[in-house]
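Read the structure below first, then the notes.
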Amino acid sequence: MTQDRAARRAVSAMSDFDALPLDFRAFHQLHRPAYVRWAHTRLGNRADAEEAVDDAFEQLVRTWDTVLSKDNPHAWAWQVLRNRVADHARTRCRRATLAQRAFDTLALREAVDPIGQLEESMNLYAAIEALPARQLDVVVLHYLMNYSYQEIATHLGITTAGVRSTERNARRSLRAALQLTEGTHADDLPH
């Protein structure tokens, strides 16, 4: 069977979800909600997020045996997701950005100085956006989506210690980018 026909068969199999391998269905059930939430933070639109995530899962099911043969299938799948979200943003002439989140934060709604708070939030989100990919993912998953270190480790395919270390490095980078003093914590990211 040609690879193209195999790909079409795998995509059509997504419509018959029960016919897919049990381990893939379990993986899909475990990760899809978090993947959609993450994609939504990057794309700003739920329908676009679901489409990008479904594209990622279609790619994963087509190559499921290869995915399982990787040293770290979870990390491999996360990279497929990242690539599909970037592709989706590019095809729709959008930039995957967090900046729009600055307009919908609890801090802004409760601010005495909304303009000052908006500027602060936009600076923060721009600094987050400039983080390396792994740090950005950990910050978004932990601070914006309220996932625990263990949940993040599961989705990214890294250890809990790796998540903690990445988060510490991200906080250091954010403090430097925002020109905050060492004693200032980046724990109060807007939700």
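Peptide packing for 51-61, 168-178 was compared via the average number of neighbouring C-beta atoms within 10 Å per residue; ordered from the highest value, the list is 51-61, 168-178. Peptides 137-149, 23-35, 62-74, 155-167 ranked from most to least packed, by the mean per-residue count of other Cβ atoms within 10 Å: 137-149, 155-167, 23-35, 62-74.
Using the Karplus relation 6.51 cos²θ - 1.76 cosθ + 1.60 with θ = phi - 60°, the per-residue 3J(HN,Hα) values for region 141-154 come to 5, 7, 8, 8, 10, 6, 7, 6, 4, 5, 5, 4, 4, 4 Hz, with x marking Gly and Pro.
Multiplying the residue separation of GLU129 and ALA176 by 0.36 nm and subtracting their alpha-carbon distance yields 15.5 nm.
Values quoted throughout were computed directly from the atomic coordinates according to the rules given, and no laboratory measurement underlies them. Keep in mind the model is a prediction, meaning the values are calculated, not measured. Reconstructed Cβ throughout: ideal geometry from the backbone, glycine too, with neighbour counts over all protein chains shown.
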